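See below for the structure under consideration.
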Amino acid sequence: MLRPMRPLPGLPLPSAFTLVPYLYRPFPFLEAMAKRYPDVFTMRFPANPKPAVVFHHPDAAKEIFALGPDDAHAGQVNAVLGPILGKASLLLLDGKEHLRQRKLLMPPLHGERMSSYGARMIALTEASIAGWPARERFPVHERLQAITLDVILRVVFGIGEGELFHRLRERLVEILELATNPIFLVPLFQRDLGPLTRWNSLVRALHEADEMLYAEIRRRRTSGERGDDILSLLLDARDEAGEPMSDGELRDELMTLLVAGHETTATALSWGLRWILASKSLVARLVRELETEGALPDLAPERIARCALLDATARETLRLQPVVPMVGRLLQRPMRIGGHDLEAGTPALVSIYLIHRRPDLYPDPTRFDPDRFLRQRFAPHEWLPFGGGIRRCIGMAFALYEMKMILATILARAELRLPLFGKVHEVRRGVTIAPSRGMPLVMERRGSSRVHEQEDRS
Ligand code: HEM
């Protein structure tokens with residue numbers, strides 16, 4: 001049970017004193033706060049007059065995730081992403097409009113539709129591995145980003161080649177790289193201060209990408225050309241009044257899926273490799289599982305999807321290194337959460353990172369131990385890397401599936417190791433927390449990781 005505490009504890013400091021460590025050293029900062037203030041603390045952000053209440057007890061997460069569309073809004077909390085995603089983005093919408101768009105976007109990211117993308121995910125990963133340098137250190141994060149970007153471009157737009165693909169891809173890479181600057185999470189710095197500034201470059205790249213996106217939307221609308229991609233589905237979607245989505249709405253949802261689905265999955269994969277490769281015995285068990293399930297040597301997607309240890313490894317990666325450390329809601333009416341009475345307009349945040357590191361939920365929480373997911377099922381408010389409730393990530397099933405396809409392909413087609421020197425640490429890239437220096441690895445040789453168990457490194 002939560003201990004009722006009044007007044008809510010927190011550092012009595014102006015927002016800048018907490019914002020800077022939260023942006024640049026998020027995990028040490030959150031850990032220090034949790035040590036001082038068990039279960040809940042407050043923290044000031046520049047954009048909101050009321051201090052945000054950060055909950056890190058799973059019962060409070062359960063209460064927040066149960067809130068309805070009129071009780072709490074997430075769109076207002078995500079508003080800082082507006083200049084990139086657009087005001088019709090699912091991440092920025094609230095209430096009825098949010099639920100309507102969510103229904104439209106869900107189907108292509110689930111079920112059979114999703115599993116049809118498996119072969120392409122594997123083929124893109126194999127093609128990438130063919131270009132990795134051998135026996136030298138290289139940052140794997142950018143290679144994983146390229147794979148997840150190509151997967152999303154195929155799944156969202158249905159394009160994987162041709163002139164438009166290359167031009168759009170180039171602009172999107174530029175946008176996504178510029179947008180990872182943590183400073184742009186502060187609205188004050190989202191200003192165009194002249195042609196040589198990063199925000200100006202971002203605005204220009206967005207403008208060029210938008211021109212291409214709008215041209216493609218118009219072309220597909222007039223030609224009637226359709227495929228198995230999300231754009232095709234959305235072009236034919238109609239709301240309750242029989243109205244189609246406007247070009248602006250389509251652009252914003254496409255950009256949202258690209259931004260929300262690409263860097264997040266690449267980051268989760270980088271962390272996954274960091275932890276898998278630290279344990280030779282885990283590598284051996286994963287390869288053996290792929291063999292036992294009949295997923296090798298052909299890498300059949302439906303067989304990879306059945307691998308329980310691989311699934312547990314993806315889940316444990318997202319537990320230990322949640323890519324997004326917190327999610328938030330803006331309360332729309334006064335309410336009691338975690339035993340605390342909160343006013344309307346209070347930002348209520350759930351710290352995914354701190355809940356995932358609670359020893360009462362996850363014994364020995366800093367240890368990477370995929371087996372904990374084989375021994376036990378965790379509730380949605382205990383394992384929450386994708387947030388929860390009516391705002392839970394719509395790409396959750398897709399991302400877990402993609403992680404498994406890509407990790408299995410890497411294990412099957414490359415023998416990798418961590419470099420001898422230089423441990424990585426967490427760095428912020430926009431809303432995500434990634435391994436530093438692009439997650440350096442060494443590829444010993446192409447071909448399957450040999451099954452041999454040696455001592456582990458962590
Ligand atoms: C490992 C990969 C991923 C992680 C860790 C992740 C994490 C998250 C989190 C924490 C949220 C906020 C949830 C909340 O507020 O409760 C979110 C929302 C969202 N994600 Fe993901 N995500 C991932 C992959 C994807 C993919 C692949 C897509 C789509 C292709 C996607 C699309 C979205 C969208 C559209 C939302 C907004 C949902 C809404 O507001 O209703 N994400 N994601």
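Summary of values
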| read-out | value |
| --- | --- |
| Qualifying residue in segment 152-161 (condition: in contact with a strand residue (DSSP E or B) (Cβ under 8 Å, 6 or more places away or on another chain), basic (Lys, Arg), open to solvent by 10 Å² or more (accessible area, probe 1.4 Å) and under 29 Å from ALA414 (Cα atoms)) | no |
| Given (1) more than 16 Å from the ligand (Cβ to nearest atom); (2) without any contact (Cβ under 8 Å) to a residue 60 or more places away in the chain; (3) touching a strand residue (DSSP E or B) at 6+ places or on another chain (Cβ under 6 Å), number of the condition ARG36 does not satisfy | (3) |
| Flag if GLU253 is within 15 Å of the ligand (Cβ to nearest atom), among the charged types (D, E, K, R) and assigned to a helix (DSSP H, G or I) | yes |
| Filter result for ALA260 (among the aliphatic types (A, V, I, L, M), touching a strand residue (DSSP E or B) at 6+ places or on another chain (Cβ under 9 Å) and within 16 Å of the ligand (Cβ to nearest atom)) | no |
| Where a residue in segment 279-295 is open to solvent by 60 Å² or more (accessible area, probe 1.4 Å) and its partner, wherever it lies, is in a helix (DSSP H, G or I), with Cβ under 7 Å and at least six apart | ARG285/LEU309 |
| Qualifying residue in segment 156-175 (condition: within 30 Å of PHE421 (Cβ to Cβ) and modelled with pLDDT under 95) | yes |
| Number of positions in segment 204-232 that are touching a residue at least 60 places away in the same chain (Cβ under 8 Å) and surrounded by fewer than 18 Cβ atoms within 10 Å (Cβ to Cβ) | 3 |
| Of the criteria (1) open to solvent by 30 Å² or more (accessible area, probe 1.4 Å); (2) closer than 26 Å to ASP236 by Cβ, which one VAL80 fails | (2) |
| Filter result for LEU91 (within 17 Å of the chain's Cα centre (by Cα), open to solvent by 50 Å² or more (accessible area, probe 1.4 Å), farther than 18 Å from GLY438 by Cβ and within 13 Å of the ligand (Cβ to nearest atom)) | yes |
| Selection within segment 26-77 - among the polar types (S, T, N, Q) and either surrounded by fewer than 21 Cβ atoms within 10 Å (Cβ to Cβ) or more than 23 Å from ILE433 (Cβ to Cβ) (or both) | ASN48, GLN76 |
| Unique residue being farther than 30 Å from ASP298 by Cα and in contact (Cβ under 8 Å) with a residue 60 or more places away in the chain when the list is LEU178, LEU172 | LEU172 |
| Contacts under 8 angstrom Cβ, first residue in segment 86-97 being at positive phi, partner open to solvent by 20 Å² or more (accessible area, probe 1.4 Å) and within 11 Å of the ligand (Cβ to nearest atom), 6 or more apart | GLY86/LEU92; GLY95/PRO69; GLY95/HIS73 |
| Number of positions in segment 97-113 that are buried (at least 18 other Cβ atoms within 10 Å of the Cβ) and in contact with a helix residue (DSSP H, G or I) (Cβ under 6 Å, 6 or more places away or on another chain) | 2 |
| Unique residue being at pLDDT 95 or above and either away from the ligand (no atom under 16 Å from the Cβ) or charged (D, E, K, R) (or both) when the list is LEU310, LEU282 | LEU282 |
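The values are calculated or read from the model by the stated rules, or taken from the named source; none is laboratory data. Source: prediction; values computed, not measured. Don't worry about glycine lacking a Cβ; one is built from the backbone with ideal geometry, like all the others, and counts go over all protein chains shown. Calculation scope for accessible area: heavy atoms of the full protein, side chains included, ligands and nucleic acids excluded. Shrake-Rupley method; radii C 1.70, N 1.55, O 1.52, S 1.80 Å.
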